[in-house]
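These notes concern the structure reproduced below.
The values are calculated or read from the model by the stated rules, or taken from the named source; none is laboratory data. Note that this is a predicted model, so its numbers are computed, not measured. Calculation scope for accessible area: heavy atoms of the full protein, side chains included, ligands and nucleic acids excluded. Shrake-Rupley method; radii C 1.70, N 1.55, O 1.52, S 1.80 Å.
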Amino acid sequence: MSSQQPTDEPVYDDRVYRSSMAIATGVLLLALTAWLCGDAALRGSGHTPWIAMALALCAAPLVIAFTLRPAVFANADRLRVRNPFRVIELPWGAVDAVRSGYSAEVLAEGAKYQLWSVPVSLRERKKAQRQRLGGRGLTGRDLSAGERSAQPAPPQRASADRVVDELRELAERGAARPGAQGGVRVRWSYEIIAPTVAGAVLLIAVLAVG
C-alpha cells in the first residue's frame, strides 16, 4: 500500500503586525467619547441626550476603524491586510512588490494597498540612517580587541522598514507555493460602515428636528 506524500510545506501561524501607539490612542479616545457622550446623555435635557447618543454611535466606529482595527496578518501563503474600511487578502503569488516610502504599501494586480497598521516614521528612519553613517567612521583595524568587544550592536532599521523587509522575504519565499496562488480579494467592512452611517443619519435627523 503506497502512502501519499504531502505536496506542500506546512503553514504556520500568522505573524501579526499592529501599531501599539494607535491601539493606546484608540483606547483613550473611546474612553473620552464614552465619558463625554455618556454624561451628556444622562444629564442633558431636550435633544441633548439624543445628540450625544448619535455622536457616540457615529464616532465610536470611526475611532475603532482608524486605531484598533488596522492589522496585517502574514503567513507562508498569503497576506491579509485589515484597513479601516476594507479587508484585502493577497496570496503571495499575486503580490508584485512590498515597499516602504512615505507609507508602507503592497502592490498587486496593478493596484496599490496601504498598510495602515505599519506607520512610517520619517524621523525614526533619519535617526537610523544617522546611526549607520556614524558607525562607518571607524573600522575594526582602528580598534583594540577590548574596544571591538565593547562596541554596541549594529544600528537597527526603522520599525516600518523592518516589517517591510520581513513581508518582502515572506513574499519571495512563498510566491511559488501551491497554496499561495490565486487573485486578490477585497471585502468592505460593513460592520464599521453601517453603524457610522446610522449615527450620522440619526444626528442629522435630531438636528433637523431641533
Problem set entry | Accessible surface of the range 155-195 [probe 1.4 Å, protein heavy atoms]: carbon and sulfur percent | 55
Seminar exercise, completed: Averaged per residue, the 1.4 Å probe accessible area of the range 35-121, protein heavy atoms only, in Å², is roughly 46
Seminar exercise, completed: Contour minus Cα-Cα span, residue 31 to residue 208, at 0.36 nm per residue, comes to 60.9 nm
Exercise. So how do 207, 55, 68, 42 rank on accessible area, 1.4 Å probe, biggest first, that is with the largest at the start?
Worked result: 42, 207, 55, 68
Exercise. What length, rounded to one decimal in nm, is gained on full extension from residue 193 through to residue 47, with 0.36 nm per residue of separation minus their alpha-carbon distance?
Worked result: 50.1 nm
Problem set entry | Gyration tensor verdict on the range 159-210 (Cα atoms; rounded if a/c is under 1.5, prolate if a/b is larger than b/c, oblate otherwise) | oblate
Seminar exercise, completed: Where a ≥ b ≥ c are root eigenvalues of the Cα gyration tensor, a/c under 1.5 meaning rounded, otherwise prolate if a/b exceeds b/c and oblate otherwise, the range 41-138 counts as oblate
